Amino acid sequence: MKINIRIALAFFTIVHFFQTPGYAQIKLPKVFGDNMVLQRGIAIPVWGNATPGSLVVATLGKATIKAKTDTGGKWIVHFPKFNAGGPYDLKISESGKPEFAITLKGILIGDVWLASGQSNMEWQVQQAKDAPNEIAKGNFPQIRFLQVEHDIKFTPRSDFLAGKWKLCDTSNIKQFSAVAYYFARKIHQEQNVPIGIIQSTWGGTPVQAWTSREMQLSSSITRAKTLANDTLTQNNIVKDSLAMIRFWDVVYHPQNNSDKTVPLPEYDDSGWTAVEMPRLIKDFGIGKYEGMMWLRKKIVLPPSFAGKTLVLNIGHPEVNYSLYFNGAEICKTIWNSNSKHSYTIPVSLVKNGENTIAIRMAMLWGGGGLNSPAENIYITDGDTKVSLAGKWLYNKNIEPALPQIHNYQNYSATLFNAMINPLIPFGVKGFIWYQGEANDSEAYRYREVFPMLINDWRQRWHQGNLPFLYVQLANFKKLQPEPSESEWAELRESQSLTLSQPNTGMACIIDIGEANSIHPLNKQEVGRRMALVAEKKAYQKNVVASGPIYKKYVVKGNNIIISFTDTGSGLAISDTARLKGFAIAGKDKRFYWASARIEGNEVIVSSDKIDVPVAVRYAWADNPVCNLINKDGLPAVPFRTDDWKGITQK
């Protein structure tokens, strides 16, 4: 996340708001461009604007289609079905006005997938695992990406703000969605056809933002919040954009010269509040807080550190921070996604005896602070470690408060209006979706609002039940020592239940998440598993595309016998000889960790604490320890046999 990008977007929004649109005689929406991929095997739609009442002539390869514009100047043509291939030129002109023709070049015919969702779909190749190696070998000229620029609108738009088709090469690949790229690469290699990815994503956004107003008005669950948008105008977005500029200015630039005074050893912090670190802001005991916080700690270094260059490691911080040692800036505005958080302390800064460490930390979006474990926070000379855990002092009133940001990108239908509607009815093979983290507080309702989005998009594209493939939430957050309720487990269940919708597929990644990061770096495997699902659902290949999925259970004595579908070559254990992740309960609804064993394609579950079992849960936690797979290496999908009221169920 870079401030120049955020500010540029804010200014673009403001300027765009005050611009008066002008139209050439022939105008195409930005979804059409040089180097695009058009969908094979369907009547290919192309549309735009021209002089009202004029005749538009459109030529793709050897196919020519004519259409008359309506009174508003709109027109649409449908080219006949093409096989995969190219390159082709697309030429559009008004009859009798060849001098005003538009010609697009380098067009391929293949399969087009719309990739959407929040930050895990947006996460770039350059941010993900093994980025340098992947970028170096990223020349795939028959893979093309169109990245739709972030934008917010309260009414549906016919074109998006910015974006153009780009070839996949070592220069462009860096900023592509990692999941979508690894998905596209495998499909391209397996199917040997050009692949186009339309990437329309925005981190931290809920499913409701991507669903149309009309669809959400049809449900009592979403109707009220959708109607609330009627009091808002684009002027609200402009004001929010201005506030965002100020917001990021505060985050990236210490206010009131605080970075020149607060980190100094002699600074008076006697009025500050003590806190035990490591600790996250949600555990500070101060309630909800968003803003810039300063933390300080004085440490006495052993005599053996004298005259040495030291290394300071602050473990795994959340959000964004700057680090100071005895008043000197060591690093500035580092994001938690940085690959390391250890820093060299020059010998010139090290004092005998007492030294002062200061951290300026952004507490944003409910996050901020230092993650456990405590042993990862220390300073060392290479031989001896001095722990930095324990008592720190903090002050949240050093700098001005952050301006309130409404984040209208999270409001109902705003992203559908600006970033999805302009794409309709561009021909696609299907949709790939990675989202759900932003809906965790309403995890139970996700089983209703997520299918609404799927049905909404399919109805609007008029291509039938297009394949809709999605990623289930990964394992994340702290390990839970005992069986307990979990928002993330409930949301995964809602995602699993969405498989009841026709022509849907899900990639389970319960085994490749990261406890301390909501953005697991292994996007290669996520893309591969999504591609497996596509091969089965969209390309009708006889492949194992899922791990074991719960089918039914039978109680026999003090055992519960679980049956599965999608067992592939058989059930297996991924790591140790003992099956993990199962919990069992009796009539009192209290769950205990259970013993479990594989017998054929079934799992037998029991516990010496339960004489008459009534329910079993598997991998039912934010970050479950679980190891049931099929012999094809795909993890079992988390499940529960009970329907007892969960943590977000109303």
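The values are calculated or read from the model by the stated rules, or taken from the named source; none is laboratory data. Everything quoted here is computed from the prediction, not taken from an experiment. Heads up, the Cβs are rebuilt from the backbone with ideal geometry, glycines too, and the neighbour counts pull from every protein chain shown. Ligands, DNA and RNA are excluded from the accessible area calculation, which covers all protein heavy atoms including side chains. Shrake-Rupley method; radii C 1.70, N 1.55, O 1.52, S 1.80 Å.
Expressed per residue, the C-alpha convex hull volume of the range 567-650 stands at 107 Å³.
Working note: Karplus 6.51/-1.76/1.60 with θ = phi - 60° gives the range 509-526 the couplings 10, 5, 10, 10, x, 9, 4, 9, 9, 6, 10, x, 7, 7, 6, 4, 6, 4 Hz, where Gly and Pro are set to x. The rule of thumb for compact globular proteins, 2.2 N^0.38 Å, goes into the C-alpha radius of gyration of the range 377-480 1.77 times. For the cross-link pairs 81/541; 541/587; 174/298; 30/239; 62/137; 81/631, which exceed 32 Å when the distance is taken from alpha carbon to alpha carbon? Over 32 Å Cα-Cα: 541/587; 174/298; 62/137; 81/631. Distant-in-sequence amide contacts of residue 648, defined by a placed amide H-H separation under 5 Å and a gap of 5 or more residues or a different chain, comprise 444.
Magnitude of the charge dipole for the chain, about its Cα centre and with charges confined to Cβ atoms of Lys, Arg (+1) and Asp, Glu (-1), is about 1320 debye. Within a straight-line Cα-Cα reach of under 16 Å, residue 523 can be paired with the following aspartates and glutamates, leaving aside sequence neighbours fewer than 8 residues apart in one chain: 122, 130, 134, 511, 514. Sorted largest first, the spans of the alpha carbon positions of the range 26-170 along the three principal axes are 54, 39, 27 Å.
Taking 0.36 nm per residue of separation and subtracting the Cα-Cα distance, full extension of the segment from residue 66 to residue 477 would add 142.2 nm. Length gained on full extension, residue 255 to residue 304: 13.9 nm, using 0.36 nm per residue less the C-alpha separation. Pairs from the table (164/288; 340/580; 332/385; 129/551; 396/478; 340/385) lying more than 29 angstrom apart at Cα are 164/288; 340/580; 129/551. Would you kindly give the portion of the calculated P(r) for the chain that falls above 45 Å, as a percent of all Cα pairs? Percent of Cα pairs beyond 45 Å in the chain: 28.
The share of accessible area on the range 267-406 that comes from carbon and sulfur is 48 percent, using a 1.4 angstrom probe.
Across the range 389-398, rounded Karplus estimates of 3J(HN,Hα) from the backbone phi angles (6.51 cos²θ - 1.76 cosθ + 1.60, θ = phi - 60°) give 6, x, 6, 10, 10, 9, 8, 9, 10, 6 Hz, Gly and Pro being marked x.
Working note: Karplus 6.51/-1.76/1.60 with θ = phi - 60° gives the range 276-284 the couplings 7, 10, x, 6, 8, 4, 5, 9, 6 Hz, where Gly and Pro are set to x. Note on the range 188-247: Kirkwood hydrodynamic radius from all Cα pairs is 15.1 Å, rounded to one decimal.
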